[in-house]
Ligand SMILES: [Zn+2]
């Protein structure tokens, strides 16, 4: 191999220095958002209250569940917990635990938001999607969005909420159940001592 000239050696040293600097900066200063995804499904049965996003919707059927069966909030909680690397709601609020029988999921969501805060994260934005055949949810979406924003302590424009029917297809279309999906974007709280993540900081 041809030996490098002095000029070439100097240029190579400069490139190496620049490379080290550009790699060091982002990890030191930029808090990368974390994204979590959640899904939930419940069977619908006669005589149960239908509560979604904390809003009671008049309906002859409601979810069969240990808690209040708020499918939307359950998906959302798992999205938040997943983004933070925390245990899911099945582990935090087991359906074998009598303390959570009939539990108001808004209270559980408040606890999840608090756990995320203790782990060093706050909610940046969420998007929730509901799949329900009947009743139509459109008259209730504004109220649901307001409840979500309040529980999450974010402005309503940081909350996406959509609902659609199953078009008569599958278990949703036959009215046997309902489903919800949610995505949560979490940002590291810069004021938090654990803001720059270590394995030790996660899992409380
Ligand atoms: Zn559920």
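The values are calculated or read from the model by the stated rules, or taken from the named source; none is laboratory data. Only a predicted model underlies this, so the values are computations on that prediction, with no experimental measurement involved. With ideal geometry, Cβ positions are generated from the backbone for all residues, glycine too; neighbour counts draw on all protein chains shown.
Descriptive notes on the structure:
- Residue list for region 63-96, restricted to those being on the phi > 0 side of the Ramachandran plot and more than 8 Å from the ligand (Cβ to nearest atom): 85
- Residue under evaluation residue 134, criteria (1) closer than 15 Å to residue 175 by Cβ; (2) in contact with a strand residue (DSSP E or B) (Cβ under 7 Å, 6 or more places away or on another chain), criterion not met: (2)
- Tally, over region 160-191, of residues that are closer than 29 Å to residue 45 by Cα and assigned to a strand (DSSP E or B): 12
- Any hit, region 31-49, residues being closer than 30 Å to residue 119 by Cα, more than 16 Å from the ligand (Cβ to nearest atom), at pLDDT below 70 and surrounded by fewer than 11 Cβ atoms within 10 Å (Cβ to Cβ): no
- Scanning region 135-171 for residues that are within 21 Å of residue 121 (Cα to Cα) and either without any contact (Cβ under 8 Å) to a residue 12 or more places away in the chain or more than 21 Å from the chain's Cα centre (by Cα) (or both) yields 149, 150, 155, 156, 157.
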